[in-house]
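To keep things clear, I will list the structure first and then write my remarks on it.
The values are calculated or read from the model by the stated rules, or taken from the named source; none is laboratory data. In this text, all values refer to a predicted model and were calculated from it rather than measured experimentally. Please note: Cβ atoms are built from the backbone with ideal geometry, for glycine as well, and neighbour counts cover all protein chains shown.
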Amino acid sequence: MNGIKYFRKKNRMTQSTLAKMLGVTQTSVSQWESGRNFPDIKRAKQLADLFSASLDQILGTVEMPKNDLLLSPSERRIILEKRDDLDEDEVVLLEQKMRLIELMDKLSPLARQRVIDRAEIYYEVQCCEADNAAKEQQLSSVHVSAADSTCEESLTEEVVAED
């Protein structure tokens, strides 16, 4: 990852915010980050001072790890728990989804497709099982209501016979 983009994201800044701080346009920052252009030495020094980084880090001669930009699982959990509109089950579900996204980002395209294919199969099986359970429930309720009708008819016949 480009050093300028790395430090900008690490400091939770937008390209526009960084551009204003340096007195340049957002387009300039975008071009620096994409490698289409480079900051002049004065701006590179400003960036290094601003982010407490070396010129090597800013200009990209040192690879910057992407993982530093990710929140740790405990940090994500704290943020999710602070949300008033989420209950515990929703927090757990969001954690699972975020974990899945992290894992998918680490896989090759072929491995990602295999995971998706497998997930679709599990989903189809789950839908079939739910359909079967619903049909069994309907059948058992039909049998119960038929049995209730038969019992009512028997009781009615017994009452009529007693009269």
Of all residues in the range 1-50, which are surrounded by fewer than 16 Cβ atoms within 10 Å (Cβ to Cβ), of a type in the set (D, E, K, R) and either within 33 Å of the chain's Cα centre (by Cα) or not in a helix (DSSP H, G or I) (or both)? LYS10, ARG12, LYS20, ARG36, ASP40
Residue within the range 68-84 that is modelled with pLDDT under 95, of a type in the set (S, T, N, Q) and more than 30 Å from the chain's Cα centre (by Cα) present: no
May I ask you to list the residues in the range 102-115 that are assigned to a helix (DSSP H, G or I) and loosely packed, with under 10 Cβ neighbours inside 10 Å? LYS106, PRO109, LEU110
Among (1) assigned by TED's automatic domain parsing to the domain that holds ARG8; (2) at pLDDT below 85; (3) part of a helix (DSSP H, G or I), which single condition is ILE58 missing? (2)
Among the residues in the range 118-127, are any closer than 30 Å to ILE78 by Cα and surrounded by fewer than 10 Cβ atoms within 10 Å (Cβ to Cβ)? no
